[in-house]
Every structure is written in structure tokens, then in C-alpha cells.
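Novice: Let me begin by handing over the structure; questions about it come next.
The values are calculated or read from the model by the stated rules, or taken from the named source; none is laboratory data. Note that this is a predicted model, so its numbers are computed, not measured. Because the Cβ atoms are built from the backbone with ideal geometry, glycine has one as well, and the counts that use them run over all protein chains shown.
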């Protein structure tokens, strides 16, 4: 009888030992509430900034503001009426001047402080709004742009004079556009 029990016990143990391991369940579940709360905070912040910008536009009766498809507003200080002039494209070398101010017009960085800038379109680092604004200008044009913070320096600011989540005003002059030959086009 002991041998039958021993064999039965050995058989049960071997069956249990051959069982495949089961995956452990996670100890905690992430509900995604932090991400959802962050999304709601950002939506609220963007709405507040856009309302502030729209209020400035509404009070400014001297300028004709345009709304960009990229999420900012602007008006031309100097507009070139010639249709033949091209706007900068990917890889073009542009020279430009710009300043940065608060939405109310208080200077943060003057054109003199920043100086004349050269930029190869979409191949160097500029804040998002400035990159997109340059694509709207023709050679010789000057425009003033109102950027919400997510198109300017965003959550971190510039770690100097521009604080976090700060919408800005910037007057940009596109001085020249130089077409640069793509190196890959010259090599067969």
C-alpha cells in the first residue's frame, strides 16, 4: 500500500513539476490619470494664452492680423507686393533679424543683442515658431508675430530671460534668401 501511495504521490509531483510557469500579475496598475491630467492642464494653458493673444488682437485696430495654420498670429510691418519673389524652402540659407518681447511689447532681447542671424532652413535649431514664421516671409519683408508658449520656448523657457510657458511677440525681418545646391544632386 505504501508503494501505491508513493507511486501516486510521485506521479502527482511530476505532473505539477511539468506545469508551465504562469506569468506574474503586475503589483500596481497605471491608470494613466497623470497623463490625462497633464493633457487637461496643457489644453487649459493653451486656451488661456490664445485668449490673451486674441484680446490683444481685438484691441489693436491699426494692424491687420493673420492667423497662421501653425497656431500663431501675425501682421506685416513691411509687405513685398511682388508675386515673383519666393519664400524660403528646405535647405535655403536665409539671413534675418528678429527681436523677442513680451506680448505687451516689453523687450526681452533686442535686435541689436541678437544681431544678424544666418540659418539653413530646417537644418538647424531655432524655436518652432521662428522656423515656421520664416517660411511665411519673402525677401525684404518684416512681420510681427504673436507666439503662444508652445510655439516659443515652451515649458522650460530659455533658461535665462524667458520664463516657462511664456507667450512672446517677435518682429522678424527676412533680409535675404540664398538657394543652396543639394550636395546629393551633384553626385551621381
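Novice: Under 7 Å between Cβ atoms, at least 6 apart or on separate chains: pull out the pairs that start in segment 100-117 with a residue that is in contact (Cβ under 8 Å) with a residue 60 or more places away in the chain and on the phi < 0 side of the Ramachandran plot and end on any residue that is in a loop (DSSP other than H, G, I, E, B) and surrounded by fewer than 15 Cβ atoms within 10 Å (Cβ to Cβ).
Specialist: So the pair list comes out as 108/102; 108/161.
Novice: With 105, 129, 115 as the choices, which residue is in contact with a strand residue (DSSP E or B) (Cβ under 9 Å, 6 or more places away or on another chain), modelled with pLDDT of 95 or more and loosely packed, with under 11 Cβ neighbours inside 10 Å?
Specialist: 115
Novice: Tell me the strands (runs of 3 or more DSSP E) entirely within segment 71-188 that contain at least 3 residues that are closer than 22 Å to residue 45 by Cβ.
Specialist: Fully inside segment 71-188 and qualifying: 142-147, 168-178.
Novice: Same structure, new question: If you check residue 151 against the conditions, is it under 24 Å from residue 60 (Cα atoms) and buried (at least 19 other Cβ atoms within 10 Å of the Cβ)?
Specialist: yes
Novice: Inspect all residues belonging to segment 55-66 and state whether any of them is assigned to a loop (DSSP other than H, G, I, E, B), modelled with pLDDT of 95 or more and in contact with a helix residue (DSSP H, G or I) (Cβ under 9 Å, 6 or more places away or on another chain).
Specialist: So far as segment 55-66 goes, yes, one or more of its residues are assigned to a loop (DSSP other than H, G, I, E, B), modelled with pLDDT of 95 or more and in contact with a helix residue (DSSP H, G or I) (Cβ under 9 Å, 6 or more places away or on another chain).
Novice: Which of the residues belonging to segment 90-102 are at pLDDT below 95 and under 19 Å from the mean Cα position of the chain (by Cα)?
Specialist: If the condition is that a residue be at pLDDT below 95 and under 19 Å from the mean Cα position of the chain (by Cα), then 90 is the only one that fits.
Novice: Surrounded by 10 or more Cβ atoms within 10 Å (Cβ to Cβ), farther than 24 Å from residue 168 by Cβ and at pLDDT 70 or above - does that describe any residue in segment 13-25?
Specialist: Checked against the condition, which is being surrounded by 10 or more Cβ atoms within 10 Å (Cβ to Cβ), farther than 24 Å from residue 168 by Cβ and at pLDDT 70 or above, segment 13-25 yields at least one hit.
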